[in-house]
Each structure stands twice: as structure tokens, then as C-alpha cells.
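Reading through the C-alpha cells given below for one structure.
The values are calculated or read from the model by the stated rules, or taken from the named source; none is laboratory data. What you are looking at is a predicted structure, and each value in this text was computed from that prediction instead of being measured. Positions of Cβ are generated from backbone atoms using ideal geometry, with glycine treated the same way; all protein chains shown enter the neighbour counts.
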Amino acid sequence: MERYPQLVVDLAHARENVENLVKRCADRGVRMTGVIKVTNGLPEMCQAYYDGGCRTLASSRIEHLKSLKEKGIGEEFELLRIPMMSEIPDVIKYADISLNSDGSVLEALNAEALRQGKVHRVILMVEVGDLREGYWDREELLRDALKVENDFDGLYLEGVGMNVGCYGSVLPTFENMQDLVDAAEMIEASIGRKLDTISGGGTSSLMRIFDGDIPERINELRVGGEPLAAYTLKNVYGYPMEWQHEDVIRLRMEVLEVRRKPSHPIGELAVDAFGHSNTYEDRGERLRAILGGGRLDYGEPQDIPNGNPGIEILGASSDHTIIDLEDCPIEYKPGDFIEFRIKYTQLMYLTLNPLTHIKYIE
């Protein structure tokens, strides 16, 4: 029996989307690392990244890397979130590469790598303006790079990386990517060799691939939800993505109630269950429905990219989504389901929620 809320995942389309992005990156001399944190490390979706051509799989959560390593999915594993001191032993055990921005953490990684008899590869993050992780002072960056290169036998200086768009909303540009390249070349001049990796950011940096103006030395991007929840590049930044499947993952919710009701709440108003003060438009009586699924499942209802003709998402409580069906050409009844596209945010919440039912199709 089908259960809801349900994610329907087309694995064949997922693989094709990954393959297309891997090829477009490779045409510019860039390898694509598959970021699987947005799927909560679910093995079927991680396999799609690997089968689509991502040899390195990455996550901010060490638990995901541990699971993939135990299941034999992927060739090498990268920890995206700068390591916590409390997880250093597991970082060395389960991650081949980690992103770093602190000298004391590098010292701890080195000591643990020596204890485990391993050489751990590190990418030093460079702050280029988004103000999340990364060295802002280039002298400090160079000092720690030289320590890794010359003094830390348990570490290998893999390269440098940058992040934009995740906190400070900064766009990836030729200029801030070139800033990263300049930092890499400063280090290379001091250590006397080329760095293996110059990692130019995440999914948003694909814009530089598509526009053909990515700096030559950038040779890796860390790409996450776009192949599965295709939305941002087309709908936010306006890139033609006709080659990309937009139906890889769909959210199905079951109809619980269909009834005509007033469109404005009756009585004295305060705040909703989440402490929000809301405004409501009085449009008279309207045909409304309640769906089984709410903020507990997918986050904020206004973030769902609703493409259903005549259906308007009005809001949600923890477990219910309220929609307007007045102009919908389809007659729904309890027991039917309504399907929605999702984007990064909903994919992250829904795959993390153990109550989400997932149906894989090929």
C-alpha cells in the first residue's frame, strides 16, 4: 500500500543529469565532486552520483561518509564541513580529504593520521568574500600551507578551495575565482610544486562553466542538489537547462479533506503554532483542501515550487498543508494524492525525515 508523504525518485533521470553536468565540467577541464549531504546520504541516490561519473563523493556529515565506505559506494570521500575537534579520529578513518581553515585543527589531524598510519589530504579554504569558512589573512594561509607541506608527515597539501553563496549570497565571478587561483599560485611559489586541486566552489559556480569564463586553473567543483532537484540555475539565474530532467524527485501528499470554507480565519487573531503573525486575504468562500504533510516534513510551504494549474498553497501547520482548489480543473477527493516539484530545501528536509516514504523508479 502506498504511504505518504512520499518522494518518487527517478534514478535513471538522476544519473543522466549527473552525467550531463560531469561532461560539461570535463569539457572545461573541471572534475565534479558529488555532494550527497542533501540526500542524507541515502545509498540509492549516492549511487546515482557515482554511476553518473562522480568519482569523489562528499558530505558535511562524517556519518554519511562512514555509511558509503561500509557499503562500497564511491572511490574516495571528502568531508566538506571544516572538521570538529571532537570528530578528528573519524575524519581520518572515513574521509580521504577534508576542507580546513584552522592551524590547530590541522595539527590535530596530523597527529591522528600518524596514529592511524595514514596520510590525510587537506584542502585549505580561502575566504573570498562570502564570510563563511576560510583564511582571510593570506600570510596566515601561507604559514599553515608551509606547515602542512614541510612539517606534517601525516598530511598532504592537496590544494585550496573557496565557498560562495551559502551564507553571504555572494555570486561566483571570474574575479573571486581568480582570487583563489592567485592564493594557490602564491603557495605554489613557496612550496615549489603545483597543487593538485583548486576547488572553485559549489553548484552556483556552474554558471562560470556555462558562461565559459571560469579561470583556467580551477579544476574542481563540489556539486550537490542541482542534478536531483533542478531549480536554481534555471529559475533563479535564468540559464537554459533544456537538457536537464526536472522530474527527478517529486513530492506526493495525500488529500485528507476537500470542503468550501471562508478564506479568512474567524475570530481574534494572534500567532500561529510557529509564533508567526500572518496576514490573510478575504476572498469569500473558496474550495480548499488539506494535505497530509507539513512543516515537519518539508520546511516552509512558500518554498515549494508549485507548478500545478489552479492550485494555490495557502500555508501549513506541522502536519497539514492547506491549499486552494477553487480554480483547479481537477476534482480531488480524500484518498487522492497531489504531486509537487521540490528544490534543495525540501529535498534536504524530506530525506532527513525518517517518516518520509521513498519510492525509487528506473
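What the table below lists for this structure:
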{"read-out": "Answer residue from segment 260-298, given it is part of a loop (DSSP other than H, G, I, E, B) and of a type in the set (Ser, Thr, Tyr) and is surrounded by the fewest Cβ atoms within 10 Å (Cβ to Cβ) among those", "value": "Thr279"}
{"read-out": "Unmet criterion (only one of (1) touching a strand residue (DSSP E or B) at 6+ places or on another chain (Cβ under 7 Å); (2) more than 30 Å from Phe210 (Cβ to Cβ)) for Glu331", "value": "(1)"}
{"read-out": "Criterion violated by His264 - all others in (1) closer than 25 Å to Leu228 by Cα; (2) of a type outside the set (Ser, Thr, Tyr); (3) in contact with a Phe, Trp or Tyr (Cβ under 9 Å, 6 or more places away or on another chain) satisfied", "value": "(1)"}
{"read-out": "Matching residues, segment 335-362, being touching a Ser or Thr at 6+ places or on another chain (Cβ under 8 Å) and of a type in the set (D, E, K, R)", "value": "Lys343"}
{"read-out": "Test: residue in segment 278-288 that is acidic (Asp, Glu), touching a residue at least 12 places away in the same chain (Cβ under 8 Å) and in contact with a Leu (Cβ under 8 Å, 6 or more places away or on another chain)", "value": "no"}
{"read-out": "Of all residues making up segment 133-191, the number that are of a type in the set (A, V, I, L, M), surrounded by fewer than 14 Cβ atoms within 10 Å (Cβ to Cβ) and touching a residue at least 12 places away in the same chain (Cβ under 8 Å)", "value": "0"}
{"read-out": "Positions within segment 93-110 being crowded, with 19+ Cβ neighbours inside 10 Å and either over 21 Å from Asn163 (Cβ atoms) or charged (D, E, K, R) (or both), in sequence order", "value": "Tyr94, Asp96, Asn110"}
{"read-out": "Some residue of segment 180-196 being under 23 Å from Pro227 (Cβ atoms) and in contact with a helix residue (DSSP H, G or I) (Cβ under 8 Å, 6 or more places away or on another chain)", "value": "no"}
{"read-out": "Close pairs (6 angstrom Cβ cut-off, 6 or more residues apart or separate chains): touching a residue at least 12 places away in the same chain (Cβ under 8 Å) in segment 23-52, part of a helix (DSSP H, G or I) and of a type in the set (Gly, Ala, Ser) anywhere", "value": "Gly41/Ser67; Ala48/Ala14"}
{"read-out": "Residue match in segment 123-130 (condition: more than 25 Å from Gly74 (Cα to Cα), crowded, with 17+ Cβ neighbours inside 10 Å, touching a Cys at 6+ places or on another chain (Cβ under 8 Å) and at pLDDT 95 or above)", "value": "yes"}
{"read-out": "Check on Thr279, farther than 14 Å from Pro5 by Cα and either at pLDDT below 95 or not aliphatic (A, V, I, L, M) (or both)", "value": "yes"}
{"read-out": "Residues satisfying the stated conditions in segment 192-230, i.e. surrounded by 14 or more Cβ atoms within 10 Å (Cβ to Cβ) and basic (Lys, Arg)", "value": "Arg208, Arg217, Arg222"}
{"read-out": "Test: Leu68 is in the same structural domain as Asp196 (by TED's automatic domain parsing), among the aliphatic types (A, V, I, L, M), under 22 Å from the mean Cα position of the chain (by Cα) and within 26 Å of Asp153 (Cα to Cα)", "value": "no"}
{"read-out": "Filter pass, Gly117 being small (Gly, Ala, Ser) and touching a residue at least 12 places away in the same chain (Cβ under 8 Å)", "value": "no"}
{"read-out": "Where a residue in segment 242-265 is in contact (Cβ under 8 Å) with a residue 40 or more places away in the chain and its partner, wherever it lies, is polar (S, T, N, Q) and surrounded by 13 or more Cβ atoms within 10 Å (Cβ to Cβ), with Cβ under 6 Å and at least six apart", "value": "Trp243/Asn20; Gln244/Asn17; His245/Asn17; Arg252/Gln6"}
{"read-out": "Segment 231-259: number of residues that are more than 20 Å from Ile313 (Cβ to Cβ), hydrophobic (A, V, I, L, M, F, W, C) and surrounded by 13 or more Cβ atoms within 10 Å (Cβ to Cβ)", "value": "3"}
{"read-out": "Answer residue from segment 299-316, given it is under 20 Å from Asn278 (Cα atoms) and of a type in the set (Gly, Ala, Ser) and is surrounded by the most Cβ atoms within 10 Å (Cβ to Cβ) among those", "value": "Ala316"}
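Listed here are the residues, each with its yes/no results for (1) of a type in the set (Asp, Glu); (2) farther than 17 Å from Glu339 by Cβ.
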| position | (1), (2) |
| --- | --- |
| Ile266 | no, yes |
| Ala273 | no, yes |
| Thr279 | no, yes |
| Leu291 | no, no |
| Asp297 | yes, no |
| Pro301 | no, no |
| Ala316 | no, no |
| Asp319 | yes, yes |
